[in-house]
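Okay, structure first, notes after.
What follows is calculated from the coordinates using simple rules that are stated; it is not laboratory data. Please read all numbers here as calculations on a predicted model, not as lab measurements. When we count neighbours, we look across all protein chains shown, and the Cβ atoms used for this are built from the backbone with ideal geometry, even at glycine.
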Amino acid sequence: MVIKMKLDPRISITLHILQQTNINTWNVKLLHSIHDITQRIKN
């Protein structure tokens, strides 16, 4: 499963690591939450 989003480099690395370790639904939800939080901080 590949998630294509413009991400903060640290999150991109985290995403890559999670993909390498067969991410599950919980990790995907967590990642989306982190992404939402960073977007709010930037805005």
query: Residue-wise, which Karplus ³J(HN,Hα) couplings in Hz belong to region 8-15, taking 6.51 cos²θ - 1.76 cosθ + 1.60, θ = phi - 60°, and x for glycine or proline?
result: 4, x, 5, 5, 4, 5, 4, 4
Sites LYS42 and ILE17 - FRET efficiency at Förster radius 22 Å, r taken between beta-carbons, to 0.05: 0.45
